[in-house]
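Worksheet for the structure shown next.
The values are calculated or read from the model by the stated rules, or taken from the named source; none is laboratory data. This structure is a prediction, so every number in the text was calculated from the model and none was measured. Note that we place each Cβ from the backbone using ideal geometry, even for glycine, and neighbour counts take in every protein chain shown.
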Amino acid sequence: MRDFNIVVLGAGGVGKSALTVRFCQDVFLETYDPTIEENYRKVIQVDGTPARLEILDTAGAEQFKGLNEGYIKAGRGFILVYSLTQEASLREIDMLRQQIYAIKGGDTNVPIVVAGTKMDLVNEREVSNDTAQTLSSRWHAPFYETSAKRNWHVTETFEDLVRQMLAKYPHDPKPKKKGHPCIVM
């Protein structure tokens with residue numbers, strides 16, 4: 001089974017935790033409780049390949065921005081989350097995307113999926129589908145409009161990222177231990 005670290009990044013209040021919890025536990029968080037850092041694990045199969053995901057749901061609050069560098073160094077795939085009801089959150093994910101590329105040594109082939117949340121809040125929408133589609137094309141990253149509340153396109157978002165990670169990292173980098181275990185007497 002393949003192991004992958006996924007990091008969920010975005011501004012505060014955009015729905016990172018709601019998206020992650022919906023995917024991992026199939027429940028919707030009704031109340032907003034700012035996250036500092038939460039880890040989730042889930043085993044899934046994508047195109048017949050089993051994968052064990054460790055998902056890090058990060059803080060969006062300004063005072064925790066310094067933690068992002070460590071998260072990005074450890075991450076193998078990223079979900080950049082913005083709110084369809086908050087146009088300013090798009091600028092935040094653009095800065096995060098640039099930070100990922102810089103920390104990953106200029107590698108622009110990093111597995112990334114862009115997720116617009118709160119698709120169900122049609123009357124509060126500030127980001128058009130065309131705007132998101134244009135950014136997605138320019139960034140060469142797939143994007144999904146999602147709703148954690150209605151469970152729309154949540155699984156597809158994570159599965160797309162796993163497909164990218166399977167392509168980017170075709171072989172597990174951890175060497176398999178050979179020989180006999182060490183016995184201390």
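Candidates are the residues of segment 135-157 that are part of a helix (DSSP H, G or I) and modelled with pLDDT of 95 or more; the one that is nearest to the chain's Cα centre (by Cα) is 157.
Close contacts from segment 117-128, counting a first residue that is of a type in the set (Asp, Glu) and a second that is surrounded by 11 or more Cβ atoms within 10 Å (Cβ to Cβ), with Cβ to Cβ under 6 Å and a gap of 6+ residues or different chains, come to 120/147; 120/149; 120/150; 124/85; 126/85; 126/87. Every condition in (1) touching a strand residue (DSSP E or B) at 6+ places or on another chain (Cβ under 6 Å); (2) within 19 Å of residue 167 (Cα to Cα) holds for residue 140 except the one numbered (1). Within segment 19-56, the set of residues being over 12 Å from residue 162 (Cβ atoms), in contact (Cβ under 8 Å) with a residue 24 or more places away in the chain and of a type in the set (S, T, N, Q) comprises 20, 35. The set of residues in segment 158-170 being outside any helix (DSSP H, G or I) and either surrounded by fewer than 14 Cβ atoms within 10 Å (Cβ to Cβ) or modelled with pLDDT of 95 or more (or both) consists of 170 alone.
Of the numbered criteria (1) assigned to a helix (DSSP H, G or I); (2) surrounded by fewer than 18 Cβ atoms within 10 Å (Cβ to Cβ); (3) out of contact with any strand residue (DSSP E or B) (no Cβ under 6 Å at 6 or more places or on another chain); (4) at pLDDT 95 or above, the one residue 126 fails is (1). Counted as qualifying within segment 1-120 are the strands (runs of 3 or more DSSP E) with 3 or more residues that are aliphatic (A, V, I, L, M) and surrounded by 23 or more Cβ atoms within 10 Å (Cβ to Cβ), namely 2-10, 77-83, 112-117.
Among the residues of segment 33-48, is any touching a helix residue (DSSP H, G or I) at 6+ places or on another chain (Cβ under 6 Å), among the aromatic types (Phe, Trp, Tyr) and closer than 21 Å to residue 127 by Cα? No, segment 33-48 contains no residue that is touching a helix residue (DSSP H, G or I) at 6+ places or on another chain (Cβ under 6 Å), among the aromatic types (Phe, Trp, Tyr) and closer than 21 Å to residue 127 by Cα. Residue 54 meets all of the listed conditions (1) over 27 Å from residue 85 (Cβ atoms); (2) more than 12 Å from the chain's Cα centre (by Cα) but one, namely (2). Among the residues of segment 30-43, at least one is modelled with pLDDT under 95, farther than 23 Å from residue 92 by Cβ and more than 13 Å from the chain's Cα centre (by Cα). Considering 145, 92, the condition of being of a type in the set (D, E, K, R), under 24 Å from residue 5 (Cα atoms) and in contact with a Ser or Thr (Cβ under 9 Å, 6 or more places away or on another chain) is satisfied by 145 alone.
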